[in-house]
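The values are calculated or read from the model by the stated rules, or taken from the named source; none is laboratory data. Here the structure is a predicted model, which means the values were calculated and not measured. Neighbour counts are summed over all protein chains in view; Cβ atoms, including those assigned to glycine, are modelled from backbone coordinates with ideal geometry.
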């Protein structure tokens, strides 16, 4: 409907996935394939999918030529406990998805992602603020393990080969 109404870029935000699971679940994978395969004429119906719900960062992946962020994690959360009742620091880790779209080279064609980035973040419970992990590392913070965990999860489905980069890192 958005494309038919004249939208140049269609971003779909989905509340999906299994809480506390780093990997996208079968429903996320299936729905991502289905949504990214949907077309109206010669253009895809969806240009970007941004997912939420799992409380932890999940993979980014290009599916049928369309970027999918399965889960960005919780940007602002307090002390997080998982389904086992245990404190789970992953619930304070997140990413910001940054995708730069450029207009098509010919009228009626698809707008293309010309830059795909993610920013690893951590919610500092004591300070009550979101921290850009790479900026904090540059200032001497000991967040290498947090940054590496987020990066490994985000890139776990091969997004680096499709051009996804970690901003500031």
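The table below lists the values:
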item	result
Any chance residue 136 is out of contact with any strand residue (DSSP E or B) (no Cβ under 7 Å at 6 or more places or on another chain) and either assigned to a strand (DSSP E or B) or at pLDDT below 95 (or both)	no
Residue match in region 117-133 (condition: assigned to a helix (DSSP H, G or I) and farther than 21 Å from residue 15 by Cα)	yes
Test: residue in region 58-80 that is within 20 Å of the chain's Cα centre (by Cα), in a loop (DSSP other than H, G, I, E, B) and farther than 21 Å from residue 133 by Cβ	yes
Residue 96 being part of a strand (DSSP E or B) and surrounded by fewer than 18 Cβ atoms within 10 Å (Cβ to Cβ)	yes
Scan of region 21-44 for residues that are part of a loop (DSSP other than H, G, I, E, B) and modelled with pLDDT under 95, ordered by number	41, 42
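Listed here are the residues, each with its yes/no results for (1) in contact with a helix residue (DSSP H, G or I) (Cβ under 7 Å, 6 or more places away or on another chain); (2) surrounded by 16 or more Cβ atoms within 10 Å (Cβ to Cβ); (3) within 26 Å of residue 166 (Cβ to Cβ); (4) without any contact (Cβ under 8 Å) to a residue 12 or more places away in the chain.
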| residue | (1), (2), (3), (4) |
| --- | --- |
| 11 | no, no, yes, no |
| 16 | yes, yes, yes, no |
| 19 | no, no, yes, no |
| 24 | no, yes, yes, no |
| 35 | no, yes, yes, no |
| 40 | no, no, no, no |
| 46 | yes, yes, yes, no |
| 50 | no, yes, yes, no |
| 54 | no, yes, yes, no |
